[in-house]
Amino acid sequence: MLPALLVLFVGVAEALLYMRTWYRLDRTAMEIANITSQYETMNTATVSQLFDAANSIASPIMANSATGNASSRARTAIGVVSNTGAGNALSWTCYRGESTLPATIAGRTTLPNGLVVPSGQTLVVVEVVNAARPWQILARLATITKFLGFTVPDPGPIRTYAIVRPRTGTLSTLTGGCPA
């Protein structure tokens, strides 16, 4: 009975940590997209400040870091998709953080659910990916999980995104390129 209760307790704790991390990163993506949408023009320094802001908003969880353990390795992508009459086109995308965590939404012309940017408009796309995976404590307790006869699933890294329309400018050009 005690091992089952222990696994249940650890499972609930893992689920809560996963949900907290996901919600924090989801809020980070939305806040950065919201801030980005308020600019009329975009340049290297502004994008760098947005990446710094992502880490501040997500704190204590990392939003764009290439160092440390799995829970501190993360990547943030900020991009703009436009439509000049011929369908979705990628205007620009900048990344910061762990390069082994690919962005699946930002940096692409194909948006979720087949979203097509209205002709003559642009959309800001922000994606935050964190290498943290749920069930890490249970994975370390392999003997208990093996004894109880179940395997620990691996849903992959936590990823979230936000898509918003710029409020004042089109943001279709990035002056100075992406920050280093």
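Modelled label positions at LEU16 and SER48, each set 7 Å beyond Cα in the direction of Cβ, lie 4.1 nm from each other.
Scoring 95-108, 112-125 by mean Cβ neighbours within 10 Å over their residues and listing the highest first yields 95-108, 112-125.
Between ARG167 and PHE9, take the C-beta separation as r, use R0 = 45 Å, and let me know the FRET efficiency to the nearest 0.05.
Numbers: r = 47 Å, r/R0 = 1.03.
After rounding to 0.05, the efficiency reads 0.45.
Kindly put ILE61, ILE78 in sequence by how many other C-beta atoms sit within 10 Å of each C-beta, fewest to most. Please list the in-between numbers first.
Numbers: ILE61 21, ILE78 31.
Ascending number of Cβ neighbours within 10 Å: ILE61, ILE78.
Quick one: length gained pulling TYR23 to SER119 fully straight, 0.36 nm per residue minus the C-alpha distance?
Details: separation 96, 0.36 × 96 = 34.56 nm, distance 3.25 nm.
That works out to 31.3 nm of additional length.
The calculated 222 nm mean residue ellipticity attributable to helices in the chain amounts to -11500 deg cm²/dmol, summing -39500 (n - 2.57) over DSSP H runs of n ≥ 4 and dividing by all residues. Once C-alpha pairs closer than 8 Å and six or more residues apart are averaged by separation and normalised to the residue number of region 2-173, the relative contact order reads 30 percent. Largest first, the three principal axis extents of the alpha carbons in region 2-89 are 63, 29, 21 Å in whole numbers.
If each residue of separation counts as 0.36 nm, what is the full-extension length gain between CYS178 and LEU2 once their alpha-carbon separation is subtracted?
Values: separation 176, 0.36 × 176 = 63.36 nm, distance 5.39 nm.
Computed gain between CYS178 and LEU2 is 58.0 nm.
Distance from the Cα centroid of region 89-128 to that of region 1-73 is 18 Å (rounded to whole angstrom).
Magnitude of the Cβ-charge dipole of the chain, K/R +1 and D/E -1, about the Cα centre, nearest 20 debye?
Values: 13 positive and 8 negative charges, 49 e Å.
In total the dipole reaches around 240 debye.
Rg ratio for the chain: its Cα radius of gyration over 2.2 N^0.38 Å, N being its residue count, equals 1.20.
Taken together, the values in this text are just the output of simple stated rules run on the coordinates, not laboratory data. Everything numeric in this text was worked out from a predicted model, so none of it was measured. Positions of Cβ are generated from backbone atoms using ideal geometry, with glycine treated the same way; all protein chains shown enter the neighbour counts.
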